[in-house]
Every structure is written in structure tokens, then in C-alpha cells.
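Visitor: Handing you this structure, nothing more for now.
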Amino acid sequence: MDLTMFMQQMVNGFSLGSMYALIAIGYTMVYGVLRLINFAHGDIMMVGGFLGFFGMEVLGLPFVAAVLLAIVGAALLGMASDRVAYRPLREAPKISLLITAIGVSFFLENAFNVFFGGVPRAFPVPAYLEVMVEFFGLMMPMSAVIVPIMTAFLLSVILWILFKTKYGMAIRALAFDVGTVNLMGIDANRVITLVFGMGSALAAVGGIFWAVNYPSVEPMMGVLVGLKAFAAAVVGGIGSVGGAVLGGLIIGFTEVVVIAFFPELGGYKDAFAFIFLILILLFKPTGILGIDFEKSRF
Amino acid sequence: MVSQVSFSLEPNGFVAIGAYVTALLLISPDAKSYQYAIADPYPFVMTLQSNFVVALLLSGFLAALLALVLSFPVFRVRGDYLAIVTLGFGFIIKILAINHPEVTNGSLGLNDIPEFSNLYWTGGLAIVAVVVVLNIVNSKFGRAMKAVRDDEDAAIAMGVNTFKAKTLAFCTSAFFEGVGGGLLAALLTSISPDLFDFFFTFQLLIIIVLGGLGSTTGAIIGTVLVMGGSEWMRFLDEPMNLFGYETTAMPGMRMVVFSLVLIFYYAFCS
């Protein structure tokens, strides 16, 4: 394998890792404030992909407008899922919350399956994302350049919200101690709903990128991607936004690069994320950017 | 059967082991000789043969053995992390089944498994399982498990070997999950890796949480409620006459209703 080929694979890995990262941020933020493994997050990503598809195919919107529609729609869906399925259970045992999360996940998968069919639909990728561009001698589709740039941009927006705004301060405080946050006169429920909205918006972007890359959408597309992104969040250190991005990139790179070097391991591609996850948890249970859960968050 | 607050999300893996072991032991050499389409089976696969009882016991023992091996890494972590690690192992077992067509026939799965399971076998073994589990729960080991369940740190302080208690609970549940997998294989007559997906584990999780975590009676009631309910709701998949509107058949509709019932039950009744 020559250098160009290697660099090519690195770019692919970066692009795939960015998608995992976008989805992993939502997992890590929800876990940070609620200690909930939100199993429905992958399905919100699927809904984001579908909204983009409907925006372009049914409403005839241009790609960028369809992305905005998907972001707003998924954010509203995420907030609604919190309002209906998680908010009534704030005081309940964690396991009940996990069951309603699985309930929301089953609901979204099956509702989309019943009403829109389980057959993958071709995603109308705009021509300007498929144009091949040359970049230091590497040929790659425009989307492989745009995905990491968009991810970096969204990540900086999220970090700005978390560390420079009052809402961000409330989110960090909430992750630290719910009881005290309530004493400070902050409406914890509103902040948690906001977290779901932010996470779901990022998942929608991830879903659309996914749909562009494998140009199709189908109701089950979020299951495995969601679990891998969750594994990425844990590998990076759950509760940490930077960790989620790092974990996503590591898992994306591993999947692409290992397959490129050892094609015979192709069948195990989907297991890498989980093998990584198990190894990390055995040797450094708090993840790479390990956050001690008794001390600080994000 | 999850007897700790940390719950294992791995039953799909153990059920898969049991199902494959039973399937390989029961399928006749004749049927084996024509169904391996992806790769030629290993010679030992062709010679495996036993009767139903031995197959079920072996399924259980192999699942329990795997649980014993896995308990060393798994019980280094607690709580949510344990759930995640076991979820990962369950998934890896499925991937292994897909990638070893010499044994499992890959994603095509194994067919023509003799249909040994019937209500007497499954019901009878369920009763045996309940009796055995109740005996364990009421023994010295059971008291140690309960102590770990209620407060792990207190149990450690009292000198309970928590690792041993957890491993015993893990292996016992793996044994019955393996036997259950064997019964499942001999009931469905064909198995494939897709059967043992996350969905399978989540369904079991809903059952035990609905019945009450850590309760054997609860597990039985939960099974009757969830499985009975989802069979009863089959009419939702059929065409219906709703207030004069004829709806077409919508396969999957019952799962939509089932998940809504689940969400609203937990949101407003617990």
C-alpha cells in the first residue's frame, strides 16, 4: 500500500469517524445530565435522515433547506420524547427510564416501518456533494471534505454553548449535581429538554451525512450506528463532549484502516467498536478522556 | 434472571450459544451434508450427534462455561458499564456466528432442526428451572446474591465474596438461557444469527423489569403479560374496520401499539 492510498483511507476514516462523533455527542450529553443510556438516540438519527429525504423528495426543498428541516424536526422530536417518556420518570429508578428509552426506540423503528416501509430508499444526493475534488494529490468526493468541516463547526458551536453561555453553565451544573441546581432556581427540566434538543439536532446532521454516504435511508439504519456511536462515547469517556468526538474518530479510523490493511477481517467490521469498548473498560473504565464521575463533567 | 441492580444485556449471546449447540447436535448428518452453502463444514461438525436431553444439557453447560470465562472481565465493572460490556459481548457472539460458516453456516443459519420442542418440554423445563432457581435463592449462595443485590458495599463489608456470588448468578442464568436457546432452536426448526439480535435481549429486559427486577415470580408474570399481550395484539396487523373506514393490513402495527403502551405505562403508572 503506497502513501496516497494510505492517505485516502485516512480521509475516509476521518469522514466516517466524524459521523460517529456527531451521534456520540448526543449520547454523552444525555448520559451526563440523566445517567441514561438513551437507546432511542440512534433512531432519532434515522428520523433525521428520513426528514432530509422527505424534505427533498416530497417538498422539493434544496439540500441545505432539507438539512435545516431535519435539524429542527429531530430536535423537536428529541424534546418531545423527553417530555413524554423521560420527564415523568425523573424520580423513578434508572431501569424504568431505560425501558421507556427502549420503548421510544421500538416505537420509532416500527412506526417508520409500518408507515413508510422497510425497503431502503435511495437518498437524492445533490450533485455538488458527489463532485470529486483533488486535495494534495488525493481524489475524494466533496462530501468527504464537507463532513469533517461541518462536524468541527458544530462541535465548536456546542462547546461555545456549553462553556460560554448561561444555558451551557446550567447544563454543566446539572451534570454535576441535580439537587443543588434546583436550589439555585434553575428549571432542571427545561435544561434537560434543551440537552435532548441539542443532541437530537446533531444526530439529525449525522443521519443526513450517513444517508449521503450510503445513499439510502431505511427504518433500521439507526440501530447499529447508534450502538457504535454509544460505544464511541464510552471509549472517549462518557460525559465528555471532547471524548465523544475522540472516541468517534478512533472507531471510524479503526473500521476503515483495519479493513484496508486486512481485508480478510471485513466480516468483523461491526465488532471493532465493541471490542474497543470492552478493552477500554477493562483497563481504563472511565474512558480515554476519563472523567471521574464524582468530580467534573464535560 | 438478573439478580443484581447491574443488569447483563447479554442473554442473546447465551441463547445463541445454546441454540447453535442444540441445532448442531440434533440435525441429521444427511441434512447437514446439503445445507452448508457458504463454506465446507469442519469434519467434527458432521459427526456431532446426540439425543434431545443431552443436547439441551450440553447447551446449558457450554453457555454457563462461557459465562464463567466472561465473568472475569465483566465483573471488573459495575452498573451501567456492566450493561454496556455485556451488550458488547452479546453482539460479538452474533458477529462470530456470522463469520464462522464452517460451523454455523454463516448468515444463512441452520435449517431442518428436528422439531422436538412442544408445550410439555418447554413448560416442563420452565417449571424445573423455577424450582432450581428458588432452591438456589433460598440457599446460602442465594442469600449472598440477595445481599449483593441490595447493597454491594455492605455485602463486601460483611465478608461476602461478591465476585463468587455474581459469577454464580451469571452462570446459573447463562445455563438456563442456553437451555432456553436449545428449546427455541428445536421449536423454530431453523435459526440464523439475526434471530439473536439486540431486540431479543431488549424483549427479555422489558419482561423482567415489568415483572419486577430480581423477582422470580415477577419474571413469570412478566413473560405471560408481554408474550401473551403481543400475541393478543396480532389483530392489529390485520385489515380492520375502524368506524366505517376499511384499513389495509399493516404488519408491524402491533409493535407500534406495544411500544406506546409500554411508554405510557411507565410514564404514568409507575
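Visitor: Among (1) open to solvent by less than 20 Å² (accessible area, probe 1.4 Å); (2) facing another protein chain (nearest Cβ under 9 Å), where does B:Ile92 come up short?
Guide: (1)
Visitor: If we only count helices (runs of 4 or more DSSP H) wholly inside the stretch A:182-298, which ones have 2 or more residues that are aromatic (Phe, Trp, Tyr), within 10 Å of another protein chain (Cβ to nearest Cβ) and open to solvent by 50 Å² or more (accessible area, probe 1.4 Å)?
Guide: On the way: elements: A:188-213, A:221-236, A:241-261, A:272-283.
Helices (runs of 4 or more DSSP H) meeting the threshold: A:272-283.
Visitor: Please verify whether B:Gly106 is surrounded by fewer than 21 Cβ atoms within 10 Å (Cβ to Cβ), within 14 Å of chain A (Cβ to nearest Cβ) and closer than 30 Å to B:Arg143 by Cα, treating the condition exactly as stated.
Guide: Numbers: surrounded by fewer than 21 Cβ atoms within 10 Å (Cβ to Cβ): yes; within 14 Å of chain A (Cβ to nearest Cβ): yes; closer than 30 Å to B:Arg143 by Cα: no.
Spelling it out, it is not the case that B:Gly106 is surrounded by fewer than 21 Cβ atoms within 10 Å (Cβ to Cβ), within 14 Å of chain A (Cβ to nearest Cβ) and closer than 30 Å to B:Arg143 by Cα.
Visitor: Counting only residues that are within 11 Å of chain A (Cβ to nearest Cβ) and open to solvent by less than 10 Å² (accessible area, probe 1.4 Å), which one in the stretch B:61-79 is modelled with the highest pLDDT?
Guide: B:Val74
Visitor: Follow-up. Being small (Gly, Ala, Ser) and within 14 Å of chain A (Cβ to nearest Cβ) narrows it down to one residue among B:Ala83, B:Ala31; which is it? Steps first, answer last, please.
Guide: Values: B:Ala31 fails: within 14 Å of chain A (Cβ to nearest Cβ).
Residue meeting the stated conditions: B:Ala83.
Visitor: Just a yes or no: is a residue in the stretch A:113-127 open to solvent by less than 80 Å² (accessible area, probe 1.4 Å) and under 25 Å from A:Phe6 (Cα atoms)?
Guide: no
Visitor: Could you please let me know if A:Leu61 is surrounded by fewer than 23 Cβ atoms within 10 Å (Cβ to Cβ) and of a type in the set (A, V, I, L, M)?
Guide: Values: surrounded by fewer than 23 Cβ atoms within 10 Å (Cβ to Cβ): yes; of a type in the set (A, V, I, L, M): yes.
Yes: the conditions hold for A:Leu61.
Visitor: Another one. Going through A:Ala70, A:Ala74, A:Ala40 one at a time, which residue ends up being closer than 19 Å to A:Gly206 by Cα, surrounded by 24 or more Cβ atoms within 10 Å (Cβ to Cβ) and within 14 Å of another protein chain (Cβ to nearest Cβ)?
Guide: A:Ala40
Visitor: Here is a further query. State whether one or more residues within the stretch B:80-88 are β-branched (Val, Ile, Thr), buried (at least 23 other Cβ atoms within 10 Å of the Cβ) and touching a strand residue (DSSP E or B) at 6+ places or on another chain (Cβ under 9 Å).
Guide: No, because not a single residue in the stretch B:80-88 is β-branched (Val, Ile, Thr), buried (at least 23 other Cβ atoms within 10 Å of the Cβ) and touching a strand residue (DSSP E or B) at 6+ places or on another chain (Cβ under 9 Å).
Visitor: Quick one: A:Tyr167 ticks every box in (1) among the hydroxyl-bearing types (Ser, Thr, Tyr); (2) buried (at least 18 other Cβ atoms within 10 Å of the Cβ); (3) free of Cβ contacts under 8 Å to residues at least 60 places away in the same chain except a single one, so which number is it?
Guide: Unmet condition: (2).
Visitor: Keeping to the stretch B:145-176, report how many residues are within 25 Å of B:Ala63 (Cα to Cα) and touching a residue at least 24 places away in the same chain (Cβ under 8 Å). Steps first, please.
Guide: First, the residues of the stretch B:145-176 that are within 25 Å of B:Ala63 (Cα to Cα): B:145-146, B:148-149, B:161-176.
Next cut, touching a residue at least 24 places away in the same chain (Cβ under 8 Å) only: B:145-146, B:148-149, B:163, B:165-176.
Selection size over the stretch B:145-176: 17.
Visitor: Also: Does A:Phe50 meet the test of being open to solvent by less than 10 Å² (accessible area, probe 1.4 Å) and either on the phi < 0 side of the Ramachandran plot or within 14 Å of another protein chain (Cβ to nearest Cβ) (or both)? Walk me through how you get there before you give the answer.
Guide: Details: open to solvent by less than 10 Å² (accessible area, probe 1.4 Å): yes; either on the phi < 0 side of the Ramachandran plot or within 14 Å of another protein chain (Cβ to nearest Cβ) (or both): yes.
Criteria met by A:Phe50.
Visitor: Search the stretch A:77-103 for residues being at pLDDT 95 or above and of a type in the set (A, V, I, L, M, F, W, C), and hand back the single one that is surrounded by the most Cβ atoms within 10 Å (Cβ to Cβ).
Guide: Taking the candidates together, the pick is A:Leu77.
Yes or no, residue by residue, for (1) farther than 15 Å from B:Thr86 by Cα; (2) at pLDDT 85 or above:
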{"site": "A:Glu255", "(1), (2)": "yes, yes"}
{"site": "A:Ile259", "(1), (2)": "yes, yes"}
{"site": "A:Lys269", "(1), (2)": "yes, yes"}
{"site": "A:Phe274", "(1), (2)": "no, yes"}
{"site": "A:Leu282", "(1), (2)": "no, no"}
{"site": "A:Thr286", "(1), (2)": "yes, no"}
{"site": "A:Gly290", "(1), (2)": "yes, no"}
{"site": "A:Phe293", "(1), (2)": "yes, no"}
{"site": "A:Phe298", "(1), (2)": "yes, no"}
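Visitor: Still on this structure, I have one more. Condition first: open to solvent by 50 Å² or more (accessible area, probe 1.4 Å) and more than 12 Å from every other protein chain (Cβ to nearest Cβ). Now tell me which residues in the stretch B:200-219 satisfy that.
Guide: Residue satisfying the conditions is B:Thr217 alone.
Visitor: Could you please find all residues in the stretch B:220-254 being within 17 Å of B:Thr201 (Cα to Cα) and open to solvent by 30 Å² or more (accessible area, probe 1.4 Å)? Explain how you work it out, then say what you get.
Guide: Going through the stretch B:220-254, the residues within 17 Å of B:Thr201 (Cα to Cα) turn out to be B:220, B:222-227, B:230.
Residues satisfying the conditions are B:Ile220, B:Thr223, B:Val224, B:Leu225, B:Met227.
Visitor: Still on this structure: Filter the stretch A:85-122 for residues that are in a helix (DSSP H, G or I), more than 9 Å from chain B (Cβ to nearest Cβ) and small (Gly, Ala, Ser) and give the result. Break it down into steps so the answer makes sense when it comes.
Guide: Residues of the stretch A:85-122 that are in a helix (DSSP H, G or I), as a first pass: A:85-89, A:94-116.
Subsequent filtering for residues that are more than 9 Å from chain B (Cβ to nearest Cβ) retains A:101, A:112, A:116.
Within the stretch A:85-122, A:Ala101 is the sole residue that qualifies.
The values are calculated or read from the model by the stated rules, or taken from the named source; none is laboratory data. Only a predicted model underlies this, so the values are computations on that prediction, with no experimental measurement involved. Note that each Cβ is placed from the backbone with ideal geometry, even for glycine, and that neighbours are counted across all protein chains shown. These accessible areas exclude ligands, DNA and RNA; they are computed on the full protein's heavy atoms, side chains included. Shrake-Rupley method; radii C 1.70, N 1.55, O 1.52, S 1.80 Å.
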